[in-house]
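The values are calculated or read from the model by the stated rules, or taken from the named source; none is laboratory data. In this text, all values refer to a predicted model and were calculated from it rather than measured experimentally. Ideal geometry is used to build each Cβ from the backbone, glycine not excepted, and the neighbour counts take in all protein chains shown.
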Amino acid sequence: MTDAIKLDLTNTPEKFRPTVDEILSQLTKFLKELGHLEDQYFVQQTRLHRNGRILSFKGGIQEEIIDDQELKQKFKKLYCQLIDPHCTSEMLAQRRDCLHGEH
């Protein structure tokens, strides 16, 4: 996964070119975190469907999830924690209550 990213900056104004590396590193980090969260959701959902429940321990507290809605609510909170710091107040005000494009 060490493929180099090749950028086409032909249509990028000269004044924005110095910030490309900064923006790209932030975007890459964000997308990796989002991909990791998606992977976690897939694993948890597969485990829930296979076993009928998910048991996890965090900070000495046992958590048990036994249906899809509980799992979706848990991951909805995690998505919000990841995405909200990158959103403007206008974007947050317009956000719909959705997860995985179901709504």
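Considered as a group, the residues in segment 17-26 that are exposed (fewer than 11 other Cβ atoms within 10 Å of the Cβ) and either polar (S, T, N, Q) or closer than 22 Å to I65 by Cα (or both) include one that is nearest to the chain's Cα centre (by Cα), and that residue is S25. The condition of being closer than 30 Å to L92 by Cα, basic (K, R), out of contact with any Leu (no Cβ under 6 Å at 6 or more places or on another chain) and surrounded by 12 or more Cβ atoms within 10 Å (Cβ to Cβ) does not hold for K29. Candidates in segment 54-76 are the residues that are closer than 22 Å to L34 by Cα and surrounded by fewer than 10 Cβ atoms within 10 Å (Cβ to Cβ); of these, the one that is modelled with the highest pLDDT is Q69. Just checking, does segment 69-78 include any residue being among the acidic types (D, E), touching a Lys or Arg at 6+ places or on another chain (Cβ under 9 Å), free of Cβ contacts under 8 Å to residues at least 24 places away in the same chain and more than 30 Å from K6 (Cβ to Cβ)? No, because not a single residue in segment 69-78 is among the acidic types (D, E), touching a Lys or Arg at 6+ places or on another chain (Cβ under 9 Å), free of Cβ contacts under 8 Å to residues at least 24 places away in the same chain and more than 30 Å from K6 (Cβ to Cβ). Filter segment 30-67 down to residues that are part of a helix (DSSP H, G or I), more than 29 Å from C87 (Cα to Cα) and of a type in the set (V, I, T), then give me how many there are. The qualifying residues number 1. Evaluated against (1) surrounded by fewer than 10 Cβ atoms within 10 Å (Cβ to Cβ); (2) of a type in the set (F, W, Y); (3) modelled with pLDDT of 85 or more, Y41 falls short on exactly one condition, (1).
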